[in-house]
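What follows is one structure encoded as structure tokens, with my remarks underneath.
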Amino acid sequence: MEFINLGSTTLAAQYVAIELLRQIQSNKRSKLGLATGGTMEPVYAQLVQLIQSNPVDLSEIQTFNLDEYYELDTESKQSYLYYMKHHLFNHIDIRPEQYNFPNNDSVQLEADNEAYDRLIMQDHPINLQLLGIGTNGHIGFNEPGTPFDSNTRMVELTNETIQANARYFDSIEEVPTKAVTMGIRSIIKSHRIILLATGEKKKPIMQQLFQMKYPDEVIPASVLIHHPNVLVVTDDAASPY
Ligand code: F6R
């Protein structure tokens, strides 16, 4: 894993946004793997600005989001589809058929999960996968203990993740306890991965991750240790050093 601490949160987000823009400019058929959450909000804000002020053809890109809450109405403000529209898709020239999410309803769930994995790999893998990290080391909603060969599937969220996500809901009881997430197998097939961690809450897990020599399923993000093209970006607060 390569590593860079960019000091401020703004600079770290700006750097990741520039990498996303450069990826699209270098290949107009890019497949992008996208994450949601607080860490990514400034990234998408910067990316919208960069797209507005630079020549870039978005008409053939495809995006694949990591996860969605299970059985949450995708029109609701807490859904990740809503998040992506609000922070990115509504502000750029992209058609709904270009963006993809794991299906989050129970009808045909297994078949849809397999179809999502096939779609991710169709023609070529994801060119650039963006990842955040949970305080417990999760990537996507692949919680600690997830086998590294896991595919897209429904998962139970840990209490730590439910607590962390409660800030987006009126009460903790409203936070869904299940989600559908892209599996670790699909994530690590990506050509290139950028993991962004900002804020002091992420420092302990970053320290733990950077002390590890070998991947261990106890910390899902440690699967990245053996991936050939991973960049971890932090601000001062989250830096492991
Ligand atoms: C969400 C996702 C999660 C988040 C992680 C960090 O799509 O993939 O793994 O990246 O939970 O969330 P924040 O950025 O809110 O701390």
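Nothing in this text is a laboratory measurement; each read-out follows from the coordinates by a stated rule. Worth saying up front: this structure is predicted, and the values here are computed from it rather than measured. Glycine gets a Cβ as well: all are built from the backbone with ideal geometry, and neighbour counts include every protein chain shown.
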> Which cross-chain or sequence-distant (5 or more) residues have an amide H under 5 Å from the amide H of residue 5, H modelled 1.01 Å from N in plane?
Replying inline: 234
> Amide H of residue 129: which non-local residues (sequence gap of 5 or more, or other chain) have their own amide H closer than 5 Å, using H built in the peptide plane?
Replying inline: 33, 192, 193, 194
>> For the pair residue 159/residue 177, report the inter-label distance in nm, with labels modelled 7 Å from Cα in the Cβ direction.
In response: 1.2 nm
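Around residue 81, what is the net charge, scoring Lys/Arg as +1 and Asp/Glu as -1 over all other residues with Cβ under 13 Å from its Cβ?
On the way: positive: 77, 85; negative: 67, 68, 73, 75, 105.
After counting each charged neighbour, the total is -3.
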> GNM, the chain, Cα, under 10 Å: largest mean-square fluctuation among 179, 166, 17?
Replying inline: 166
>> How many angstrom lie between the Cα centre of the range 96-172 and the Cα centre of the range 185-241?
In response: 17 Å
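Take every DSSP beta bridge whose two residues both sit in the chain, then give the antiparallel share in percent to the nearest 5.
30 percent
Magnitude of the Cβ-charge dipole of the chain, K/R +1 and D/E -1, about the Cα centre, nearest 20 debye? Mind showing how you got there, number by number?
Numbers: 18 positive and 30 negative charges, 170 e Å.
Charge dipole, the chain, about its Cα centre: 820 debye, nearest 20.
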>> Please compute the modelled spin-label separation between residue 52 and residue 124, points set 7 Å along Cα→Cβ, answer in nm with one decimal.
In response: 3.1 nm
> Between rounded, prolate and oblate, where does the range 126-241 land on the alpha carbon gyration tensor, with a ≥ b ≥ c its root eigenvalues, rounded for a/c under 1.5, else prolate if a/b exceeds b/c?
Replying inline: oblate
> Which trypsin sites (Lys or Arg not before Pro) in the range 195-241 pass both tests, a DSSP loop state and at most 12 other beta-carbon atoms within 10 Å?
Replying inline: 213
> Counting DSSP beta bridges in the range 154-235, what percent are antiparallel, to the nearest 5?
Replying inline: 40 percent
> Can you tell which of 151, 27, 127 shows the greatest fluctuation in a Gaussian network model of the chain with Cα springs below 10 Å?
Replying inline: 27
> Quick one: if the Förster radius is 30 Å, what FRET efficiency do residue 107 and residue 28 give, using the C-beta to C-beta distance and rounding to 0.05?
Replying inline: 0.30
>> Run lengths n ≥ 4 of DSSP H only: what is the helix-derived mean residue ellipticity at 222 nm for the chain, with -39500 (n - 2.57) per run over all residues, to the nearest 500?
In response: -9000 deg cm²/dmol
>> Quick one: 3J(HN,Hα) in Hz for the range 91-97, Karplus 6.51/-1.76/1.60 with θ = phi - 60°, rounded, Gly and Pro as x.
In response: 10, 10, 8, 9, 9, x, 6
> What are the ³J(HN,Hα) values, in whole Hz, obtained from phi via the Karplus relation 6.51 cos²θ - 1.76 cosθ + 1.60 with θ = phi - 60°, for each residue of the range 132-145 in sequence order, with x given for Gly and Pro?
Replying inline: x, 9, x, 5, 9, x, 5, 10, x, 10, 7, 7, x, x
> How would you classify the chain from its alpha-carbon gyration tensor, with a ≥ b ≥ c the square roots of the eigenvalues: rounded for a/c under 1.5, else prolate if a/b is greater than b/c, otherwise oblate?
Replying inline: rounded
